[in-house]
Amino acid sequence: MTEHAEYTDHHGPEGPAIRGTVVVVPGRGETRETYTRLGRRLAADAYRVRVVDAVHLDADDPDGSLTRFGARIAEAVAGTAGPDGIARPVVLVGADTGAVAVAALLGSGESAADAVVLAGLPARTAASGDWDDELNVRTFCPAHRSTLTGDSGFRRGALDEAVPDSLLTAAYESEADVPALILTGDADPLADRDALTRTAKSLPRARLSVVRDAHHDVLNDMQHRSVAAEIVTFLEALRNELVPLVTVESTAW
């Protein structure tokens with residue numbers, strides 16, 4: 001792992017060819033440290049992983065926010081290039097408002113991503129309460145709760161910040177023609193399952209995966225191993241024209 005003022009890189013094992021580039025965009029309150037576990041796990045499967053700083057969506061300047069975000073993502077992706085260029089596919093993974101920004105950027109046609117993972121797309125409702133309440137909204141994973149509590153850069157109460165309506169609308173009504181994996185927890189109080197279902201059905205190549213008993217931080221809740229496996233399965237399918245590499249022919253469970 002290497003640190004930079006604006007991003008954190010996770011490097012895979014020496015030897016295997018890089019299988020693609022993954023750029024992770026945190027959400028409200030989160031820091032790059034929030035995604036250390038996920039970054040290491042994806043990098044271990046020979047993906048080039050770069051975690052950028054959380055996106056800031058300015059309610060007074062949503063269009064400008066999206067333009068600045070697009071430029072920052074383009075720079076982050078370009079900076080991953082090796083001797084043979086950028087390893088493709090390029091996949092943007094957004095969480096919470098990171099997912100909103102990624103989806104809205106795709107809808108604007110300003111992203112060169114080959115695919116996206118949208119995790120914990122929020123509805124217009126906000127969280128409220130004290131720190132224990134916020135932790136319960138976010139996750140029941142003891143390790144992740146400890147990470148958030150011990151991270152001095154994490155902004156407590158950030159889930160109370162409103163998401164610009166225009167960007168939420170752009171995210172949920174995006175018609176981008178790239179493969180999309182939408183992840184949500186069925187115990188996420190900030191999710192709008194009906195809206196997520198409509199969005200998944202409206203996109204030409206989208207999959208909505210619902211994680212049992214997972215909360216808002218679906219990438220980092222108790223089911224993080226299974227969620228990471230779902231992402232890797234998606235990444236591998238991308239390299240095979242979205243044809244699954246493993247199919248179940250017979251099962252008793």
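The values are calculated or read from the model by the stated rules, or taken from the named source; none is laboratory data. These figures come from a predicted structure and were not determined experimentally. All Cβ positions, glycine included, derive from the backbone under ideal geometry; neighbour counts span all protein chains shown. We work out accessible area using only protein heavy atoms, side chains counted, and drop any ligands, DNA or RNA first. Shrake-Rupley method; radii C 1.70, N 1.55, O 1.52, S 1.80 Å.
Nearest 20 debye, what's the magnitude of the dipole of region 178-228 about its Cα centre given +1 on Lys and Arg Cβ and -1 on Asp and Glu Cβ?
My answer is approximately 360 debye.
Could you bin all the Cα-Cα distances of region 89-132 into 5 Å bins starting at 0 and give me the percent of pairs in each, rounded to whole numbers?
P(r) for region 89-132, in whole percents per bin: 6, 21, 25, 19, 11, 7, 5, 4, 0.
Taking the solvent-accessible surface of protein heavy atoms with a 1.4 Å probe, what is the per residue accessible area of region 34-138 in Å²? Don't jump to the answer; show the numbers that get you there.
Working: 4080 Å² over 105 residues.
Per residue, region 34-138 has 39 Å² of solvent-accessible surface.
Enumerate the amide H contacts of residue 182 below 5 Å, restricted to partners 5 or more residues apart or on another chain; note that Pro and chain-start residues carry no placed amide H.
Placed amide hydrogens put 118, 207, 208, 209 under 5 Å from residue 182.
Any chance you could get the radius of gyration and Dmax over the Cα atoms of region 196-253, in Å?
My reading of the Cα-based Rg and Dmax gives 13.3, 34 Å.
What is the antiparallel percent of DSSP beta bridges lying wholly in the chain, to the nearest 5? Display every interim value, and only then the final one.
On the way: 7 of 31 bridges.
Given both bridge residues lie in the chain, the antiparallel proportion sits at roughly 25 percent.
Per DSSP H run of n ≥ 4, the term is -39500 (n - 2.57); total these for the chain, divide by its residue number, and report the mean residue ellipticity at 222 nm rounded to 500 deg cm²/dmol.
On the way: 8 runs with 88 residues, N = 253.
Using -39500 (n - 2.57) per qualifying helix, the result is -10500 deg cm²/dmol.
Over the Cα atoms of region 94-172, Rg to Rh with Kirkwood Rh, two decimal places? Before the final figure, lay out the partial values.
Working: Rg = 14.3 Å, Rh = 13.9 Å.
With Rh from the inverse mean 1/r over Cα pairs, Rg/Rh is 1.03.
Residues of region 136-152 with backbone nitrogen within less than 15 Å of a virtual label 7 Å along the Cα-to-Cβ line of residue 226, please, listed as ranges.
Residues 140-141 qualify, since their backbone N sits under 15 Å from the label point.
Between residue 233 and residue 58, what is the label-to-label distance in nm when each label sits 7 Å out along the Cα-to-Cβ direction?
Going by the 7 Å Cα→Cβ label model, 4.2 nm.
What full-extension length gain, to one decimal in nm, is calculated for residue 205 and residue 71 as 0.36 nm per residue of separation minus the Cα-Cα distance? Write out the running numbers ahead of the final one.
Numbers: separation 134, 0.36 × 134 = 48.24 nm, distance 2.53 nm.
That pair, residue 205 and residue 71, stretches by 45.7 nm at full extension.
Compute the whole-percent fraction of alpha carbon pairs in region 39-121 spaced more than 19 Å apart. Kindly include the intermediate steps, with their values, before the conclusion.
Values: 1221 of 3403 pairs.
Of the Cα pairs, 36 percent sit more than 19 Å apart.
Going 7 Å from the Cα of residue 140 along its beta-carbon direction, which residues of region 180-203 have the amide nitrogen within less than 18 Å of the resulting point?
What the label zone holds, given the 18 Å backbone N cut-off, is 184-191.
Using the basic label-point model (7 angstrom from Cα toward the beta carbon), what is the residue 212 to residue 252 distance in nanometres?
Simple spin-label model gives 1.9 nm for this pair.
Could you tell me how far the Cα centroid of region 122-193 sits from the Cα centroid of region 35-65, in Å?
Here the two parts' Cα centres lie 14 Å apart.
Considering the Cα positions of region 15-171, please state its Rg to one decimal place and its Dmax as a whole number of Å.
Both quantities, over Cα of region 15-171: 15.8, 50 Å.
Would you compute, for the Cα atoms of region 150-229, the largest minus smallest coordinate along each principal axis and list the three values in descending order, in whole Å?
Answer, in whole Å and largest first: 41, 31, 21 Å.
Just to be sure I follow the definition: excluding the sites themselves, where is the longest run in the chain that has none of the GluC sites (Glu not before Pro) in a DSSP loop with at most 15 other Cβ atoms within 10 Å? It would help to have the intermediate numbers written out before the result.
Details: sites that count: 6, 14, 110, 161, 173, 175, 241, 249.
So the longest stretch without any such site is 15-109.
Report Rg/Rh for region 41-87, rounded to two decimals, where Rg is the Cα radius of gyration and Rh the Kirkwood radius.
Working: Rg = 13.8 Å, Rh = 12.5 Å.
Computed over Cα atoms, the ratio is 1.11.
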